[in-house]
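Visitor: What follows is a single structure, and I will ask about it in a moment.
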Amino acid sequence: MEFRELAAFVAIAEEGGLSAASRRLHISQPALSQTVNGLERELGIKLLVRSSTGVQPTEAGMAFLAEARALLARRDQAVATMAELTADGGGTIRLGIPLELDADVLPRALARFTAKYPETQVVPRQLSTAAQFNALRDDTLDVGLVRERLAGPEFDAMLVSRENLGVLIPSDLAGDLVGPDGVRLDALHGLKWIGFPRAGSPAWFDELTSILRSHGIDVGLPVPEDLELVAAMKYASVGSGHAFALAPRRGQDQLPAAVIWAPLVGNPLVRRTWAVWLSSSRRRDIGHFVTSFDSPDDD
């Protein structure tokens, strides 16, 4: 029994006649009739009968119709899966990125990936970690760059960035706070932390605030969920009074005069970024894109 025989029988049963079925399958009526006759001989049972209204399945034909449809659907699914596994690009990878992504992470990966898949376009969107996980589940995102890794089998993940966070403080407090190795975290206990909304990345927020509290720092009131704390806002908040913000060393060479950056003694705060994607994905171009990122474990 061949798939073409099953397709011929299903077409006749669904169209109710040889003429319509032959047009649907783009084969001649005699060839179609011969195919179905051969299927009936192979099965040893009558599947179709002619009537005044066309061609109708017999009782056995109705039972076989359900089986044939299921087999053809399974064949189509297998073909689609193999097409995903062997896809060489030419499409689009929808990428989520967080605020303050390390400036070197994405350009390096894109350069490597584009060399292998020049026809595949990577389209970035800036989203919080929580929003990226929702978009991955809704199939509006293919890969996310997020600040936390969820437990469980739903997502695969690869660490792509590890950053030691330092501190932004008012310049006029530098003499009191900055020692030879930087700023001790517990020395910031009298300053207000310029934080970020917990809803955007709950696990990272909880890890961070737990460390801050353990060093005697009051994390203050919750930040509104719709607030995006961009660098300019951090600088303005820190420079205006007794406050501090956290930031990596990179990108701090053009700070306003009222703000300085200093490392934290012992590097107690490490911000990690993972590339994540649905574990059920079978797209080969997504796999190659993810492996285009550097692993910080190699540093």
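Visitor: I'd like to check something: does the stretch 21-30 contain any residue that is part of a loop (DSSP other than H, G, I, E, B), of a type outside the set (Ser, Thr, Tyr) and open to solvent by less than 40 Å² (accessible area, probe 1.4 Å)?
Guide: no
Visitor: Okay, next question. So, of the residues in the stretch 205-224 that are surrounded by 19 or more Cβ atoms within 10 Å (Cβ to Cβ) and in a helix (DSSP H, G or I), which turns out to be farthest from the chain's Cα centre (by Cα)?
Guide: Of everything passing the filter in the stretch 205-224, LEU212 is farthest from the chain's Cα centre (by Cα).
Visitor: Here's something else I'd like to know. If you take the residues in the stretch 173-193 that are in a loop (DSSP other than H, G, I, E, B) and at pLDDT 90 or above, which one is surrounded by the fewest Cβ atoms within 10 Å (Cβ to Cβ)?
Guide: So the residue we want is PRO180.
Visitor: Tell me whether the stretch 108-122 contains one or more residues that are closer than 16 Å to PRO296 by Cβ and either open to solvent by less than 20 Å² (accessible area, probe 1.4 Å) or under 9 Å from the mean Cα position of the chain (by Cα) (or both).
Guide: Checked the stretch 108-122: at least one residue is closer than 16 Å to PRO296 by Cβ and either open to solvent by less than 20 Å² (accessible area, probe 1.4 Å) or under 9 Å from the mean Cα position of the chain (by Cα) (or both).
Visitor: How many residues does the stretch 263-295 hold that are surrounded by fewer than 19 Cβ atoms within 10 Å (Cβ to Cβ) and part of a strand (DSSP E or B)?
Guide: Final tally of qualifying residues: 3.
Visitor: Can you tell me how many residues within the stretch 142-162 are within 11 Å of the chain's Cα centre (by Cα) and within 19 Å of GLU100 (Cβ to Cβ)?
Guide: Selection size over the stretch 142-162: 4.
Visitor: Looking at ARG198 and the list (1) open to solvent by less than 40 Å² (accessible area, probe 1.4 Å); (2) in the same structural domain as ARG249 (by the TED database); (3) under 31 Å from the mean Cα position of the chain (by Cα), which single condition is not satisfied?
Guide: Failing condition for ARG198: (1).
Visitor: Do we find a residue being of a type in the set (Val, Ile, Thr) and within 30 Å of VAL238 (Cα to Cα) anywhere in the stretch 147-162?
Guide: yes
Visitor: Okay, moving on. Taking the stretch 35-76 on its own, how many of its residues are surrounded by 12 or more Cβ atoms within 10 Å (Cβ to Cβ) and either touching a strand residue (DSSP E or B) at 6+ places or on another chain (Cβ under 8 Å) or in a helix (DSSP H, G or I) (or both)?
Guide: Qualifying residue count for the region: 24.
Visitor: Something else about it: Taking the stretch 77-107, which residues are modelled with pLDDT under 75, open to solvent by 40 Å² or more (accessible area, probe 1.4 Å) and not in a helix (DSSP H, G or I)?
Guide: If the condition is that a residue be modelled with pLDDT under 75, open to solvent by 40 Å² or more (accessible area, probe 1.4 Å) and not in a helix (DSSP H, G or I), then THR86, ASP88, GLY90 are the ones that fit.
Visitor: Select, from LEU165, LEU159, the only residue that is aliphatic (A, V, I, L, M), in a strand (DSSP E or B), farther than 30 Å from ARG283 by Cβ and touching a strand residue (DSSP E or B) at 6+ places or on another chain (Cβ under 6 Å).
Guide: Answer to the selection: LEU165.
The values are calculated or read from the model by the stated rules, or taken from the named source; none is laboratory data. If you're wondering where the values come from, they're calculated on a predicted model, not measured in any experiment. Note: ideal-geometry Cβ built from the backbone for every residue, glycine included; neighbour counts use all protein chains shown. For accessibility, only protein heavy atoms count, side chains too; no ligands or nucleic acids. Shrake-Rupley method; radii C 1.70, N 1.55, O 1.52, S 1.80 Å.
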